[in-house]
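The values are calculated or read from the model by the stated rules, or taken from the named source; none is laboratory data. Quick caveat: nothing in here was measured; it's all calculated off a predicted structure. Because the Cβ atoms are built from the backbone with ideal geometry, glycine has one as well, and the counts that use them run over all protein chains shown.
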Amino acid sequence: MSRSFKRMGTIFMIVAAGIVLAMGIARSTGLNLGIAGGISAVACILVYLMLDLKPEPNPSDATIVRLTRGSWHRKKKK
């Protein structure tokens, strides 16, 4: 459950930053709030995608164990 709260907190912070960014763009450039909101929404989506919020891998995961114990060389056919 902690992971979902962390994700919701991150999304909440990005949305809050997007609102502030939209108001700042509208105020400084004179654009209407709809256009500034679109620009800030695109920027916030890009930031969210760059955060790379993948869960941390479990050390006992079967694929990691298999790769570390296995051989990287192909077996020769007889």
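For every residue, the table says whether it meets (1) at pLDDT below 95; (2) among the hydrophobic types (A, V, I, L, M, F, W, C); (3) in contact with a Cys (Cβ under 9 Å, 6 or more places away or on another chain); (4) not in a helix (DSSP H, G or I).
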position: Ser4; (1), (2), (3), (4): yes, no, no, no
position: Leu31; (1), (2), (3), (4): yes, yes, no, yes
position: Val42; (1), (2), (3), (4): no, yes, no, no
position: Tyr48; (1), (2), (3), (4): yes, no, no, no
position: Lys54; (1), (2), (3), (4): yes, no, no, yes
position: Ser60; (1), (2), (3), (4): yes, no, no, yes
position: Lys76; (1), (2), (3), (4): yes, no, no, yes
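A search for C-beta distances below 9 Å between a residue of the range 1-28 that is surrounded by 10 or more Cβ atoms within 10 Å (Cβ to Cβ) and any residue that is not in a helix (DSSP H, G or I), counting only pairs 6+ apart in sequence or on different chains, returns Arg3/Pro55; Lys6/Leu53; Arg7/Leu53; Thr10/Leu51; Thr10/Leu53; Ile14/Leu51; Ile25/Leu31; Ala26/Asn32. Filtering the range 33-49 to residues that are in contact (Cβ under 8 Å) with a residue 24 or more places away in the chain and surrounded by fewer than 17 Cβ atoms within 10 Å (Cβ to Cβ) leaves Ala43, Val47, Tyr48.
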